[in-house]
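These notes are about the structure you will find just below.
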Amino acid sequence: MVEKKEKAAEKKTEAKKPAAKHAAAPKAAAPKAEQKAAKAPAAKPAGKKPAAAKPAYSGAKLKVIQTGSPIGRQKNQRATLIGLGLNKINRTRELPDTADVRGMINTVKHLVKIVG
């Protein structure tokens, strides 16, 4: 009986030993100059800064009328109406026909109406 306990204890210690063998080996230390070069950002080309992308706006306008109240709606819908410049029923705004504005209108399409 004592031998079985000793064998069981040996098996447990043997099971732990291979895990210790596979522990991360210390990496070879690279010279500091190589470490700095690896961390340094890529060199930026000299010259002018790149111009900001211009929105694709053809000059078209959308006339938007608020038809519904934001009372009891989600916060993002109320904020979208404010962003569109609407805050009371029957208020009208002429907004540029851009993807951003169309996305905002789509968010509150049940509260607004597009005229023209």
Leading residue by the ranking (farthest from VAL64 (Cα to Cα)) among those in segment 75-98 that are part of a helix (DSSP H, G or I) and without any contact (Cβ under 8 Å) to a residue 12 or more places away in the chain: LYS75
Evaluation of ASN106 against (1) exposed (fewer than 11 other Cβ atoms within 10 Å of the Cβ); (2) at pLDDT below 90 (one fails), failing number: (2)
Scope segment 56-74; condition under 13 Å from VAL112 (Cβ atoms), of a type in the set (S, T, N, Q) and assigned to a loop (DSSP other than H, G, I, E, B); matching residues: THR67, SER69
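The values are calculated or read from the model by the stated rules, or taken from the named source; none is laboratory data. The structure displayed is predicted, hence computed values, not measured ones. Cβ coordinates were reconstructed from backbone atoms using ideal geometry, including for glycine residues, and neighbour counts include every protein chain displayed.
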